[in-house]
Amino acid sequence: MKIEAIDIFKKKRPVIVSGPCSAESEEQLLSTCEAIAKTGKVDILRAGIWKPRTRPNNFEGVGAKGLEWLIKARNNTGLPVSVEVANFNHVFEALKQQIDILWIGARTTVNPFSVQEIADALKGTNATVFVKNPINADLELWTGALERLNKAGITKLCMIHRGFAQHGKSVYRNEPKWQLAVEMKRRFPEIPMVCDPSHITGSRDLLQEVSQQALDLDFEGLMLESHINPEVALSDKKQQVTPAALEEILDKLIVRQPAVPDQELNSQLEMLRQQIDIIDDDLLKLLGERMKVAENIGLVKKEKGVTILQTKRWEEIIEKATENGELQGLSKKFMIRYLKAVHQESIDHQNEIMNSEAKLNLNMTEGEA
Ligand code: PEP
Ligand code: MN
């Protein structure tokens, strides 16, 4: 991929994008943008004017007239402005008004037809486009969106990690699944990654810790929703913060460096990393051995004609292992995720062996050990 750096990311770290979830009125947008610009800590303004809402009777944005308000906000603050686009017409309107940055929302990244439509609309322009992760945890869709834009000649790209929809209870509105964002950083080291703690948390109380976590994972920027009066916001009211609260969050952030030229630190880190590598190696060997035992279990079950899944045994394992895990300082949440992954791999091994010609050989594990 041919990627060009976006100017602001060359100059500052972290880049702060802020502004209301939605532009609601000229007054609300200008007062919010002017107040956050005054802090001197915001680099890019944001506001949604076409709002993708899950249900049709919610506020769906003010539409194209909001673009003129955004331009006024830019003129009054000197800051570049960004807006969400979801179809050909949005791109056309936004470019006509010379909006500086476009972003593609999670509900759009998920749909290759929409992304292609946007990419086609952008062909031949020099637009800067931020791409949010898709709602579901599918990195190929996120990657595909970047590729479609890049194929259309868009080289100034940025990724936004806004968390992923999940089943079941969570403190987050959208589960961060940090590993997925880290994998995208690995795939596209030249494309900056911005975290959107507002849509991850859905709640202003958690913004500080999630913002800090993102910076400690070496993210290049943050997108935080702000509103002159969040209590009366027409969308995402619980996660928006006042300009003063935004400033407080930004002031408290600790910006650490990815690397420092410090010999002692580097050799200490090197030593600790070697320890981690050795432990990882041991863990993998043990997991491999565990799978061989699982294969033998598969063969025993095959001979006796019993099913792979034994629900009661699985429940016992979960109970015992989460207790043991806690004693080792491992959270219950991690233990369950870990056990499910190991269990699934074990089932896959058993499945393969039960449907093969393999015969039971109980010496196999002794030989390996
Ligand atoms: C937004 O940024 O206002 C938005 C709609 O976000 P997302 O696409 O992440 O849901
Ligand atoms: Mn929002």
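The values are calculated or read from the model by the stated rules, or taken from the named source; none is laboratory data. This is a predicted model, so every value here is computed, not measured. Note that we place each Cβ from the backbone using ideal geometry, even for glycine, and neighbour counts take in every protein chain shown. Only protein heavy atoms, including side chains, enter the accessible area calculation; ligands, DNA and RNA are left aside. Shrake-Rupley method; radii C 1.70, N 1.55, O 1.52, S 1.80 Å.
Put simply, of Ala233, Ala181, Ala244 the only residue that is at pLDDT 95 or above, of a type in the set (Gly, Ala, Ser) and within 16 Å of ligand 2 (Cβ to nearest atom) is Ala233. Has region 209-227 got at least one residue that is open to solvent by 20 Å² or more (accessible area, probe 1.4 Å) and either touching an Asp or Glu at 6+ places or on another chain (Cβ under 9 Å) or among the basic types (Lys, Arg) (or both)? No, that holds for no residue.
Name the strands (runs of 3 or more DSSP E) wholly inside region 23-134 in which the number of residues that are out of contact with any strand residue (DSSP E or B) (no Cβ under 8 Å at 6 or more places or on another chain) and open to solvent by less than 20 Å² (accessible area, probe 1.4 Å) is 3 or more.
Per the criteria, no element qualifies.
The residues of region 248-281 that are free of Cβ contacts under 8 Å to residues at least 60 places away in the same chain and of a type in the set (Val, Ile, Thr), listed by number, are Ile249, Ile254, Val260, Ile276, Ile278, Ile279.
Return a yes/no flag: does region 296-307 have any residue that is among the hydroxyl-bearing types (Ser, Thr, Tyr) and under 25 Å from Asn355 (Cα atoms). Yes: one or more hits. Entry remark, region 236-250: residues being within 16 Å of ligand 1 (Cβ to nearest atom) and either open to solvent by 10 Å² or more (accessible area, probe 1.4 Å) or more than 17 Å from Val17 (Cβ to Cβ) (or both) number 3 in total.
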